[in-house]
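These notes concern the structure reproduced below.
Only the coordinates and a few stated rules stand behind these numbers; no lab work does. What you are looking at is a predicted structure, and each value in this text was computed from that prediction instead of being measured. No Cβ is skipped: glycine too gets one built from the backbone with ideal geometry, and neighbour counts run over all protein chains shown.
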């Protein structure tokens, strides 16, 4: 992966958005990119869902998201 990061000059990236179907490897890819690019990992699912898959209100989610970004 290091060759690709250097080749595409990805080291200057500040944010990466990863989308995909459930089970497609989004989290695995995000963790690897976060380490390689030395940028923080923010999981929207981790912010949005309370234990037991209970949703946050939109206002609560927006507040947490602003803190993370």
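Collect the residues in the range 41-69 that are under 20 Å from residue 20 (Cβ atoms) and loosely packed, with under 12 Cβ neighbours inside 10 Å, keeping them in residue-number order.
45, 46, 53
Identify all residues within the range 28-69 that are part of a helix (DSSP H, G or I), free of Cβ contacts under 8 Å to residues at least 24 places away in the same chain and over 13 Å from the mean Cα position of the chain (by Cα); write none if there are none.
Scanning the range 28-69 gives 58, 59, 60, 61, 62, 63, 64, 66, 67.
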